[in-house]
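What follows is a set of notes on a single structure, which appears directly below.
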Amino acid sequence: MATFQTLPGFREFYPEDLIRRSHIFRLWRQTANAFGFAEYDAPVLEPLELYKAKSGEEIENQLFSFTDKGGREVALRPEMTPTVCRLVGARASALKRPIKWFSIAEFYRYERMQKGRGRCFHQFNADIFGEPGPEAEIELIALLIQCLGAFGLTEQDFYVRLSDRNLWFYYLETLGLDDARIRGVLGAVDRHEKYGDEAFKAYTEQFGPLDAAVKEKVLAFLHVKSLSELERILGAPGAEKITARLADWRKLLGGLEAMGLARFIEVDLGVVRGLAYYTGFVFEAFDRKGELRALAGGGRYDDLVEKLGGPALPAVGFAIGDMTFALLLEQRGLTPNLVQAPDVYCVIGGEAERRAAFAGIHALRAAGFRVEYPLKEVAFGKQFKAAADSGAKLALIYGADELAKGVVKFRDLTERSEHNVPRDQILAAVRDAIGGRAG
Ligand code: HAM
């Protein structure tokens, strides 16, 4: 018989895996709530058109796309950004500003598989709409850092590389390049870390070799690692927009410093981001050891809402992927040992006692306690072993003798003590021993 396996690059989550993933999502959600972001969701399958010429060539080549039975060209979403632009754009005038939204969702890209990269993965996306100034970047980069910090990761574990496509544009303009050539150079900059000089091949094919003096300046700019270096290269007879932009930089870095987050930030003009829609500040988070692929990436994309049919609306955001993130937590020993132990394990004498036990079990569960019992009649000894193995704090023993007296034996498995509790007081006794439960 044929055996069926998952498609390459797709993941299954057994309960012990899902419990870790849920823990990550729970902390991300909590953190986003603390920052005042509202959660949204959207379809997995979208019109192919949404990504064409918007996400950029790399993602376009990685789409899982097909024609549906109604003849529509559709694609599994490779990212959330175009979708969230559509959502916000459709109601932009009615939404309270600033619009701060987040989501946790699954995405699909037909990528070459490698460590930390799959063909389906989850992202935490957070975006702010309607705020043109670097105040939005401050809020988002602080959220990004806290989303990693919430797990115990510190500045020794990860950092955020911060760069700026605007400054790249302004600088390359001063070097005499037109818009198409600037985009070509930025494509090379994006690939430079990985491919070195090879990264300029596509540029050369399209425009001929880059002038040697310009290339030297591009390579120097790409290695800029501080604001003072930036100021030195750009500052001289400062063009107005460059001066204004450097003021934005100071505001952004100053805000992050005031939040106590400067230690996580590295100015690094080598980052320009491959996606087509970014327009301003861009940033990426990496592990400090440089062993893993990017943990997160984002930036400003002020034109995309309008390009997708909405009003002109500035926007900035980022996404953290779950795969590299889980690898980093594991490497640092920060994956908690999560077990789903019941609060109460019910040990049941026989069929006659089972009816009485069911009433108690249901009342406890309705109050939000996690309660387990053997589904079928099992010897007492085996039930006690199961209770101990389950990790439950309490065992309630519904034996014939106890029921005859109108009580249940209440055993605290961690303190190893026991006493009888009247059947109508079980809920109160469990609450006393474990505490209230929100559910
Ligand atoms: P991205 O850089 O393509 O940006 O992805 C963000 C993160 O998602 C990456 O840093 C990585 O952790 C994870 N990721 C991406 N592709 C894969 C893959 N094949 N396997 C595993 N993880 C992956 C975006 O997606 C932008 N839409 C982010 C954004 C939101 N920009 C503004 N708002």
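Kindly indicate which of 172, 210, 153 is under 29 Å from residue 291 (Cα atoms) and in contact (Cβ under 8 Å) with a residue 24 or more places away in the chain.
153
Listed residues 308, 292, 364, 313; which is within 16 Å of the ligand (Cβ to nearest atom) and either modelled with pLDDT of 95 or more or not aliphatic (A, V, I, L, M) (or both)?
313
Being free of Cβ contacts under 8 Å to residues at least 40 places away in the same chain and outside any helix (DSSP H, G or I): is that true of residue 336 here? If you could, list the steps in order and put the result at the bottom.
Numbers: free of Cβ contacts under 8 Å to residues at least 40 places away in the same chain: no; outside any helix (DSSP H, G or I): yes.
In short, no.
Only one residue in 142, 150, 136 is out of contact with any helix residue (DSSP H, G or I) (no Cβ under 9 Å at 6 or more places or on another chain) and over 30 Å from residue 212 (Cα atoms). Which one?
Step by step, each of 142, 150, 136 is checked, and only 136 is out of contact with any helix residue (DSSP H, G or I) (no Cβ under 9 Å at 6 or more places or on another chain) and over 30 Å from residue 212 (Cα atoms).
Given region 263-316, what strands (runs of 3 or more DSSP E) lie entirely inside it while holding 3 or more residues that are buried (at least 21 other Cβ atoms within 10 Å of the Cβ) and of a type in the set (A, V, I, L, M, F, W, C)?
Values: elements: 265-267, 281-287, 296-300.
Output list reads 281-287.
Of 250, 232, which residue is assigned by TED's automatic domain parsing to the domain that holds residue 86 and modelled with pLDDT under 95?
Matching residue, one of 250, 232: 232.
The values are calculated or read from the model by the stated rules, or taken from the named source; none is laboratory data. Keep in mind that what you see is a predicted model, and the values were worked out from it rather than measured. Cβ coordinates were reconstructed from backbone atoms using ideal geometry, including for glycine residues, and neighbour counts include every protein chain displayed.
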